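**Q** Handing you this structure, nothing more for now.
The values are calculated or read from the model by the stated rules, or taken from the named source; none is laboratory data. Bear in mind that the values here come from a model prediction, so they are computed numbers and not experimental data. For neighbour counting, all protein chains shown are included, and Cβ atoms are generated from backbone atoms with ideal geometry for every residue, glycine included. The area values use the complete protein model at the heavy-atom level, side chains included, leaving out ligands, DNA and RNA. Shrake-Rupley method; radii C 1.70, N 1.55, O 1.52, S 1.80 Å.
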Amino acid sequence: MRTVAIHAVPEEQLTHVTFDATMEERISELLTHYPTRRAALLPVLWLCQERYGWIAPGVIEAVAARLGESPAFVQGVVTFYTMFYTSPPARYVLQVCKTLSCAVCGGRELLEHLKARLGIDLGERTQDGTFQLIGVQCLGACGSAPVIQINDDYYENLTIEQLDALVDELSQGKEA
Amino acid sequence: MPKVVSVTVDGRILAARAGESVLELLRRSGIWIPTLCFDPRVSAYGGCRLCLVSRRDRAGELVPACETPVVEGMVLETDSPAVHRARRRQLVLLLGEHRLDCPVCPTSGRCTLELLLHRLGIAGDDVRRWEVTATSGVQSPLIVHHPERCVLCTLCIRLCHEVQGVSALGLERVDGGIQVATFASRTLDCEYCGQCVAACPTGALQLRPPLDPVPRRVGTGLPTTCSLCPCGCQLLPAVRDGRVVAVESQLSWLPNRGQLCAKGRFAHDVLVSPERLTSPLVRLEGRLVPTSWERALQAVVEGVRQAQAQGRALVAFGTPRLTCEDAFLLQHFMRGTVGSPHVGVGLAAGARALVEGVRPVLGTARSTADFTDLAAADLVLILRADPSRTHPLVKSIVLAGMRRRSQQVVMAHALSGGLERHVDEFLLVRPLGEEALLYGICRHLLTESATRARQAAGVAGFDQWQAGVLHYTDEVVQGLTGIDPERVVALARRLKRAHRLVVVVPAGMGIPGDEAAVARAAAGLLVLLGCHRKPGGGLLVLGEKANLQGCLDVGLHPRLLPGGGSAEEPGWEPVHAMARAGAGEVGFLYLVGHDPLGGWPRATHRRDGLEGAGFVVVQDAFLTKTTRAANVVLPVSILAEREGTVVGADGVRRPLHAAVAPPPGVAPDGEIFRELARRLGMPLPSKEEVERSLAAVFEGHLRARHRPPLPTFMPPPPPPPPRTWRGTLLDVSPQLLHSGSVTRYSAVLRELAPIVAVRMAPEDVAAFGLTPGGRAHLTTGTGEEMMMVRVDRTVRPSSAVVLWQSNAEGLGAFLAVDGEARLVDVRRSR
């Protein structure tokens, strides 16, 4: 399994976003699945996050213009869902499950270990921009607790040793 | 047909309309239900949960009345202890989000939340006091935002979205929770209608002082009609110490249902503008000097007598802002007292559309559709301009129609505006192309539908009309409109399918195209479709100024008599009259509320006419550009100082009630006409006599609605040669905040929208190397001007929006005749 690093496009490059042909094609295709343009908002936002790494204000404006919505409305949707990044994320976003099953199976220790090892608190990121630590609610994989989601991938039944190896690997720039 | 559903409420059986909500039924039946987040103008939200009622047919389940549709056999309780308990609990929860600082809150006393606290009997002890802190999410020159008082009812957001179609506000998650915010915390850049503040049920959104004076309810006057455009909005000026300090409206008032635009709500500061004239002026040794009314009126009388003695013509133009009464008096003064047929509304946008466009085809110089028809139409075709810039209420009516999904809207014009992203179809027509588009549609209808053609063949003038229409072939229409023939065909079919079609023709100085020609073509199309006088169908011509319709109704037009008859000896049309004046044939020129040097285009003989006229009287509230040429200037009362009636674009006559007295030294227009007539020895009819004449006029119109004159097809002109447009279109048509005359004197509106500014799309500003707030140099073949650059996202690329009267000579001086379209060269200025 390879966890793909997030490459967040810097905000300066996202002030006036125009969708390229590939994006435009994928958006047009998405629109065919929904009765109204507004209904396609969430999938279009996912597409943008995949493409730009995060949802910059310039991206919100472009999406709003494409779907005939107002930027204020799109901003409301983007900020409602915590999984849309409204600031550029680190290359690897470590999402530690804080819900009961994981917590009793060692999730709490994993979190404390990560905090100590990376020297950051929840919601913070390392100075080199490699890791970002956030606590999340149940990831729906209680059977294999404790679980950490890194970007889009699950790492299950983790021990502190496995986690350390994983962090070593990721921080060396290699993709796990 | 709406079905009737029977619902039991508190033991009574009520008849409900199928499809309505429980709340609508209860409110209609006089049952009090508390709400914070409900407003009949927008969709139900179910957010405040104060309208909970108990369903006895479902084991007492508590449901929100606003979001629950009535169902046959429903049994409801609205007044049980359980219901009250639930509402009180809900209100206490809401208060957890609300900083209770009523003693220092300016909204206290007219706050819905405060009222409900008292009404539901919540004591201070019930409320768990939370320290609510938040930072403002809405920055605006007009509005103060206190998110710590916000209960997230989202009324502001829904009104902005559904009624205004602006959607400048939304919800945003911030560190402290969720709050109302603009996009990216930008300063609120919207239509400044103030609806969000008016609807806020708490003190979360407030107007900045001094726009919202405290205390508010002091010396409140009677509701009156807005004089700034012909929508006929009803508003209530709040008066303190003899001054209008704020303007409000109410949900129950028609036609605007509590809505106002920035002009109606904020332009009242014009009344106390330091630039207002407060004394008559006469020209002495080349300079205008203040004088007494006695001497000013005597000078005018002498001017009239001299012109009469010299045998030169006497001409009067009255602004279509005059009330019906004053307009009647002015035409009576000219035709009766002075004995001259040369009286009219002057160069007034919409007058030609009604008199030369609608009248020849439909028999009367009146729109055949009103706002009720507009709301009931299943298809609305809007031509020439975007009503969100020219007539904001019309925009809200069609937005509501589209939201109900009972209406489709097609818009075709060459300008920019905010409505196009909401409409079902927008055709970007080349400048001046609307007439060709309409005839192109007619040609398709004639060739595709033999039935239509047969039905229309009975109408007078059909053969000649058809012969003319057939010249508008696909190729011709495409060359003039830039629209693909397939789209024209599709539009023709869409129009044919419509049962109730309203065609809207907005008028305004600077809108490209001949308003009369477009109105005539639209009237022909409606006759062909049989929709010209149907309920829910017809032609709606929107004049620019408040009482254009009323002025025409009472005969303030060189060709019309009171009641709509033709004048036996027609007077001169405005441009012709000015040309005659230039030739020295006019001895007396009376300009009531007209400013040719500032407000008329160049080739109207405005300059030589004023120079050649023997004696010029200007009657206005401000010192206009034309006063330079005046012999006498008479100051008049305006807006909320006036009494009388005005007729809106919808043909409805509405009253004006003076809320404040005019400043000392200022007189109403009608009084001046009376005084002059008395001095000339032929007094004007008394108030009662005028009202009797007007009553007859308007009863006549009412009768004509039921027994309408037969239509006549007017042959279209031969198609002009095709023209392509490359470059930047100069757009001097009305802007929402300014129409070009009175509103320019409002300090509030000037701050929101500077007058000497060119508004352009962001991409154009970048492409031309301009800087927002910097200066640009505008050049056409006939004029040049420096303007401040403003970025406006509603402006279409390749166009530059400038106010008609922005510069010294009126930017209209760039244009030779009204309706002309012109390209402009925009460069960075250093």
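**Q** Suppose R0 equals 56 Å. What FRET efficiency, 1/(1 + (r/R0)^6) with r the Cβ-Cβ distance, do B:Glu294 and B:Glu751 give to the nearest 0.05?
**A** On the way: r = 39 Å, r/R0 = 0.71.
That pair, B:Glu294 with B:Glu751, gives E of 0.90.
**Q** Here's something else I'd like to know. Could you run the Karplus curve 6.51 cos²θ - 1.76 cosθ + 1.60 with θ = phi - 60° over the stretch B:36-41 and give me ³J(HN,Hα) per residue in whole Hz, x for Gly and Pro?
**A** After applying 6.51 cos²θ - 1.76 cosθ + 1.60, I find 10, 10, 9, 8, x, 7 Hz.
**Q** Can you sort B:Leu540, A:Leu118 by solvent-accessible area, 1.4 Å probe, largest first? Don't skip to the end; give the middle numbers.
**A** Values: B:Leu540 0, A:Leu118 30 Å².
Of B:Leu540, A:Leu118, the descending order of accessible area is A:Leu118, B:Leu540.
**Q** Still on this structure, please answer the following. When Cβ neighbours within 10 Å are restricted to other protein chains, what is their mean count per residue of peptide B:164-173? Could the numbers behind the result be given before it?
**A** Working: counts 0, 1, 2, 7, 4, 4, 10, 7, 7, 8.
The per-residue average across the peptide is 5.
**Q** If you don't mind, there's one more thing I want to ask. Need one value: the accessible area of A:Thr32 in square angstrom, 1.4 angstrom probe, rounded to the nearest 10.
**A** Estimated to the nearest 10 Å², A:Thr32 gives 110 Å².
**Q** Roll a 1.4 Å probe over the protein heavy atoms and report the accessible area of A:His33 in Å², nearest 10.
**A** Surface accessible to solvent at A:His33 totals approximately 120 Å².
**Q** Next question. So which trypsin sites (Lys or Arg not before Pro) in the stretch B:174-278 pass both tests, a DSSP loop state and at most 10 other Cβ atoms within 10 Å of the Cβ? Provide the component values of the computation, followed by the final result.
**A** Numbers: sites: B:Arg186, B:Arg216, B:Arg217, B:Arg240, B:Arg243, B:Arg257, B:Lys263, B:Arg265, B:Arg276; in loops: B:Arg186, B:Arg216, B:Arg217, B:Arg257.
Filter output for the stretch B:174-278: B:Arg217.
**Q** Among the lysines in the protein assembly as shown, how many pairs, 8 or more places apart or on different chains, have alpha carbons under 23 Å apart?
**A** Final tally of qualifying lysine pairs is 9.
**Q** Any idea how far the Cα center of the stretch A:25-57 sits from the one of the stretch B:70-125, in Å?
**A** 41
**Q** Follow-up question, since we're still on this one. In Å and whole numbers, how far do the C-alpha atoms of chain B stretch along each principal axis, longest first?
**A** Extents along the principal axes, in whole Å: 89, 69, 62.
**Q** Which of the trypsin sites (Lys or Arg not before Pro) found in the stretch B:336-420 are in a DSSP loop and have at most 15 neighbouring Cβ atoms, other than their own, within 10 Å? Working shown, then result.
**A** Working: sites: B:Arg352, B:Arg366, B:Arg384, B:Arg389, B:Lys395, B:Arg403, B:Arg404, B:Arg405; in loops: B:Arg366, B:Arg384, B:Arg404, B:Arg405.
Those that pass, being in a loop and sparsely packed, are B:Arg404, B:Arg405.
**Q** Now for a different question. Classify the stretch B:40-122 as rounded, prolate or oblate, taking a ≥ b ≥ c as the square roots of the eigenvalues of its Cα gyration tensor: rounded when a/c is under 1.5, otherwise prolate if a/b is larger than b/c and oblate if not. Please list the in-between numbers first.
**A** Details: a/c = 2.81, a/b = 1.87, b/c = 1.50.
Prolate shape, in that a/c is at least 1.5 and a/b is the bigger ratio.
**Q** Then there is this: Hey, if we sort A:Met83, B:Met787 by accessible area with the 1.4 Å probe, largest down, what's the order? It would help to have the intermediate numbers written out before the result.
**A** On the way: A:Met83 115, B:Met787 0 Å².
Reading off the accessible areas and sorting them downward yields A:Met83, B:Met787.
**Q** If you build the Cα gyration tensor of the stretch A:11-80 and take the root of 5 times each eigenvalue, what three semi-axes come out, in whole angstrom, biggest first? Each step should come with its number before you reach the end.
**A** Working: eigenvalues 60, 42, 21 Å².
Calculated on Cα positions only, the semi-axes equal 17, 14, 10 Å.
**Q** Using just the helices of chain B, give the 222 nm mean residue ellipticity in deg cm²/dmol: DSSP H runs with n ≥ 4 each add -39,500 (n - 2.57), and the total is spread over all residues, rounded to 500.
**A** Working: 26 runs with 232 residues, N = 830.
About -8000 deg cm²/dmol.
**Q** I would also like to ask the following. Out of A:Val4, B:Phe615, B:His391, whose Cα points farthest toward the positive end of the dipole of the protein assembly as shown (charges: +1 Lys, Arg; -1 Asp, Glu; placed on Cβ)?
**A** B:Phe615
**Q** Rounded to the nearest 10 Å², what accessible area does B:Cys153 show when all protein chains are kept and the probe is 1.4 Å?
**A** Counting only protein heavy atoms, the figure is 20 Å².
**Q** For chain B, return all DSSP H helices satisfying: extent of Cα atoms along own axis at least 20 Å; mean Kyte-Doolittle hydropathy at least -1.0.
**A** Numbers: long enough: B:81-95 (21 Å, 0.06); B:293-310 (25 Å, -0.43); B:434-448 (21 Å, 0.23); B:515-529 (21 Å, 1.73); B:687-706 (29 Å, -0.74).
In chain B, the long hydrophobic H runs are B:81-95, B:293-310, B:434-448, B:515-529, B:687-706.
**Q** Taking the Cα centre of the protein assembly as shown as the origin, how large is its charge dipole in debye, to the nearest 20, when only Lys and Arg (+1) and Asp and Glu (-1) carry charge on their Cβ atoms?
**A** On the way: 107 positive and 103 negative charges, 486 e Å.
Using only the charged Cβ atoms, the result is roughly 2340 debye.
**Q** Find the centroid of the Cα atoms in the stretch B:537-576 and in the stretch B:750-814, then give the distance between the two in whole Å.
**A** If we compute the Cα centre of each part, the gap is 34 Å.
**Q** Moving on. Can you pull a Stokes-Einstein diffusion coefficient for the stretch B:728-829 at 10 °C (1.306 mPa s), Rh from Kirkwood over Cα pairs, as a whole number of µm²/s?
**A** Values: Rh = 13.5 Å.
Answer, rounded: 118 µm²/s.
**Q** Output the 0 to 90 degree angle, nearest 10, between the alpha-carbon long axis of helix A:21-31 and the longest principal axis computed from the alpha carbons of chain A.
**A** 90
**Q** Which value in Å does the Kirkwood hydrodynamic radius of the stretch B:4-79 take, with 1/r averaged over all unlike C-alpha pairs and then inverted?
**A** Answer for the stretch B:4-79: a Kirkwood hydrodynamic radius of 12.2 Å.
**Q** Taking the Cα centre of the stretch B:4-79 as origin and charging only Cβ (+1 Lys, Arg; -1 Asp, Glu), how large is the dipole, in debye to the nearest 20?
**A** On the way: 9 positive and 10 negative charges, 20 e Å.
Approximately 100 debye in magnitude.
**Q** While we're on this one: Identify, among B:Ser746, B:Thr779, B:Leu729, the residue whose Cα sits farthest towards the positive end of the charge dipole of the stretch B:728-814, taking +1 on the Cβ of Lys and Arg and -1 on the Cβ of Asp and Glu, with the dipole about the Cα centre.
**A** Going by the charge dipole, the pick is B:Ser746.
**Q** So for the pair B:Leu100, B:Arg830, with labels modelled 7 Å out along Cα→Cβ, what separation do we get in nm?
**A** The answer from the label model is 6.5 nm.
**Q** Assuming a ≥ b ≥ c are the square roots of the Cα gyration tensor eigenvalues, decide whether the stretch B:352-542 counts as rounded (a/c under 1.5), prolate (otherwise, with a/b larger than b/c) or oblate.
**A** Working: a/c = 1.36, a/b = 1.24, b/c = 1.09.
Taking the square roots of the gyration eigenvalues as a ≥ b ≥ c, the stretch B:352-542 is rounded.
**Q** Let me ask something else about it. Residue by residue, what Karplus-based ³J(HN,Hα) values in Hz, rounded to whole numbers, does the stretch B:8-19 have, using 6.51, -1.76 and 1.60 with θ = phi - 60° and x for Gly and Pro?
**A** 9, 10, 6, x, 9, 9, 10, 8, 10, 8, 4, x
**Q** Follow-up. Any chance you could check the Cα centroid distance between the stretch B:261-322 and the stretch B:1-61 for me, in angstrom?
**A** 57
**Q** Quote the relative contact order of chain B in percent (integer), defining contacts as alpha-carbon pairs under 8 Å separated by 6+ residues. Before the final figure, lay out each step's value.
**A** Details: 1881 pairs, mean separation 112.8, N = 830.
Reported relative contact order: 14 percent.
**Q** Average partner chain C-beta neighbours within 10 Å, per residue of B:487-496? Don't skip to the answer; put the middle values down first.
**A** Numbers: counts 0, 0, 0, 0, 0, 0, 0, 0, 0, 0.
If you average over the peptide's residues, the count of other-chain Cβ atoms is 0.
**Q** Now for a different question. To check you understand DSSP bridge types, tell me what percent of the beta bridges within the stretch B:728-829 (both residues inside) are antiparallel, rounded to 5. Provide the component values of the computation, followed by the final result.
**A** On the way: 14 of 21 bridges.
Of the beta bridges lying entirely in the stretch B:728-829, close to 65 percent run antiparallel.
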